[in-house]
1. What residue, of Val31, Val86, is open to solvent by less than 40 Å² (accessible area, probe 1.4 Å) and in contact (Cβ under 8 Å) with a residue 40 or more places away in the chain?
2. State whether one or more residues within region 358-374 are touching a residue at least 12 places away in the same chain (Cβ under 8 Å) and touching a His at 6+ places or on another chain (Cβ under 8 Å).
3. Here is a check on your reading of the model: is Ala154 of a type in the set (A, V, I, L, M, F, W, C), surrounded by fewer than 20 Cβ atoms within 10 Å (Cβ to Cβ) and within 16 Å of the ligand (Cβ to nearest atom)?
4. Of these, Val107, Val120, Val79, which one is under 24 Å from Leu253 (Cα atoms), more than 16 Å from the ligand (Cβ to nearest atom) and under 20 Å from the mean Cα position of the chain (by Cα)?
5. Can you name the residue in region 182-200 that is in contact with a Leu (Cβ under 8 Å, 6 or more places away or on another chain) and in a helix (DSSP H, G or I) and, of all such residues, is surrounded by the fewest Cβ atoms within 10 Å (Cβ to Cβ)?
6. Every residue in region 287-306 that is under 12 Å from Ala130 (Cα atoms) and open to solvent by 20 Å² or more (accessible area, probe 1.4 Å), please.
7. Could we say that Leu244 is in contact (Cβ under 8 Å) with a residue 60 or more places away in the chain, part of a strand (DSSP E or B) and surrounded by 21 or more Cβ atoms within 10 Å (Cβ to Cβ) here?
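The values are calculated or read from the model by the stated rules, or taken from the named source; none is laboratory data. All values reported here derive from a predicted model rather than from experimental measurement. Ideal geometry is used to build each Cβ from the backbone, glycine not excepted, and the neighbour counts take in all protein chains shown. For accessibility, only protein heavy atoms count, side chains too; no ligands or nucleic acids. Shrake-Rupley method; radii C 1.70, N 1.55, O 1.52, S 1.80 Å.
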Amino acid sequence: MHSETEKPHAQSRNLQRRAEQFFPGGVNSPVRAFRAVGGAPPFIERAEGATLFDADGNRYVDLFGSWGPMILGHAFPPVVEAIREVAGRGTSFGASHSGEAALAELVRRCFPSVEKMRFVNSGTEACMSAVRLARGFTGRNFIIKFEGCYHGHADALLVKAGSGVATFGIPGSAGVPLETAQHTLALPYNNLAAVEAAFAAHPAEIACILVEPVVGNAGTIPPAPGYLEGLRKIATEQGALLILDEVMTGFRLSLGGAQQLFDITPDLTTLGKILGGGLPCAAFGGRADVMDHLAPLGPVYQAGTLSGNPLAMAAGIATLKHLIAHEGEIYPQLERVTQSIAEGVAELARKAGVPLTTNRVGSMFTWFFTGDPVTDFASAAKSDGKAFARFHRRMMEAGVWLPPSQFEAAFVSVAHGPTEVEQVLEAAHGALAG
Ligand code: KE4
């Protein structure tokens with residue numbers, strides 16, 4: 001019989017009550033509230049390697065890695081040391097310093113398509129700025145995004161599909177004006193005909209195609225063979241910019257992200273998460289002729305007090321230096337360990353007669369509680385949310401912390417090894433039982 005309340009949670013509950021006095025829902029980002037899975041979110045006290053420790057002393061194998069940044073594991077000593085070393089010399093200048101170009105050099109080494117870039121403080125800022133730049137560079141107002149892809153919470157990107165694939169977007173959140181949403185075309189992912197129809201309906205009006213090259217925000221959904229190449233071809237033919245949102249996939253799927261893995265050259269790329277080694281750091285960049293339209297050189301305005309912050313630069317430099325120096329071991333290891341976890345649980349589900357579709361690219365993956373293939377948001381949405389929620393709660397009680405939503409990607413770090421694989425499989429064996 002499963003008790004879903006075996007672990008002590010008194011201290012987390014006290015902290016939740018205190019947090020609710022200050023923050024809506026007690027959180028600073030909605031998905032942390034566990035609304036999609038039920039149960040109350042434990043409060044994390046500290047984290048080390050692949051392990052999270054909550055306020056009541058419970059331990060968890062971390063399979064969401066702060067939503068992607070923690071590819072080297074928590075409290076990775078070279079990153080912590082780099083932050084410590086820099087902090088004593090000042091935490092923000094609001095002026096240029098050598099750390100910015102030092103990190104930019106490493107970014108360009110991993111992403112040769114990023115000829116020029118600009119650092120910002122979140123993926124939202126990176127995507128919002130890249131869209132404004134695409135509009136300023138092309139002089140066009142419409143943009144294309146895809147259902148199930150998330151690019152942060154800028155108004156123009158909180159938009160869902162209108163009635164037809166080529167009709168105007170509709171607000172995906174309260175507070176987004178209809179006029180703003182109408183310039184966003186939200187299309188089905190993995191469907192090139194929909195993109196062609198959108199350009200046919202809006203000739204010479206679409207500034208960019210913005211896409212997660214491997215979707216993480218509907219759960220993990222890989223591009224169909226030829227899909228990214230098709231987007232590249234259409235964008236070039238139509239004079240629109242192709243923007244790959246690699247905030248999640250950058251440095252994750254390979255050192256050069258999805259564009260290296262699938263050999264696609266975008267016009268612009270957005271980066272974040274791993275880039276900052278866990279500190280607030282993101283970037284957008286790409287073709288120099290496009291980027292030079294940004295102030296102070298060009299007419300497109302974009303700015304930020306903490307952009308290029310010395311601590312974030314130091315954490316990013318330590319992270320990328322380690323990934324670059326150990327690329328040959330790290331990515332094959334992430335592939336092996338993630339496959340053991342993802343496929344091991346899939347096998348347990350088969351034996352338990354639980355319908356499960358596992359989508360995985362490298363060290364990001366999702367177990368969809370459906371027996372059908374998941375190739376776009378519509379098919380992901382057919383998953384059994386209640387079954388996922390029950391699985392999530394049982395895994396938490398068994399000491400494995402999955403992202404608290406069926407529509408998120410799970411992540412593995414270099415700190416995950418045989419012990420964590422065993423713990424996850426043992427927990428899943430129980431969690432999948434009737
Ligand atoms: P942030 O503004 O949250 O730093 O980045 C927005 C963003 C942009 N692009 C992609 C592909 C992303 O995945 C994200 C943020 N991802 C979500 C989780 N899937 C962040 C978690 C949260 O919202 O709390």
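1. Answer to the check: Val86.
2. Looking through region 358-374, none of the residues is touching a residue at least 12 places away in the same chain (Cβ under 8 Å) and touching a His at 6+ places or on another chain (Cβ under 8 Å).
3. Judged against the criteria, Ala154 is a match.
4. The unique qualifying residue is Val107.
5. So, considering only residues that are in contact with a Leu (Cβ under 8 Å, 6 or more places away or on another chain) and in a helix (DSSP H, G or I), the one surrounded by the fewest Cβ atoms within 10 Å (Cβ to Cβ) is Leu192.
6. Residues satisfying the conditions are Arg287, His293, Tyr301.
7. no
Yes/no per residue for (1) open to solvent by less than 60 Å² (accessible area, probe 1.4 Å); (2) closer than 19 Å to Val247 by Cα; (3) outside any loop (DSSP other than H, G, I, E, B):
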{"position": "Gly308", "(1), (2), (3)": "yes, yes, no"}
{"position": "Ala314", "(1), (2), (3)": "yes, yes, yes"}
{"position": "Ile317", "(1), (2), (3)": "yes, yes, yes"}
{"position": "Leu323", "(1), (2), (3)": "yes, yes, yes"}
{"position": "Glu329", "(1), (2), (3)": "no, no, yes"}
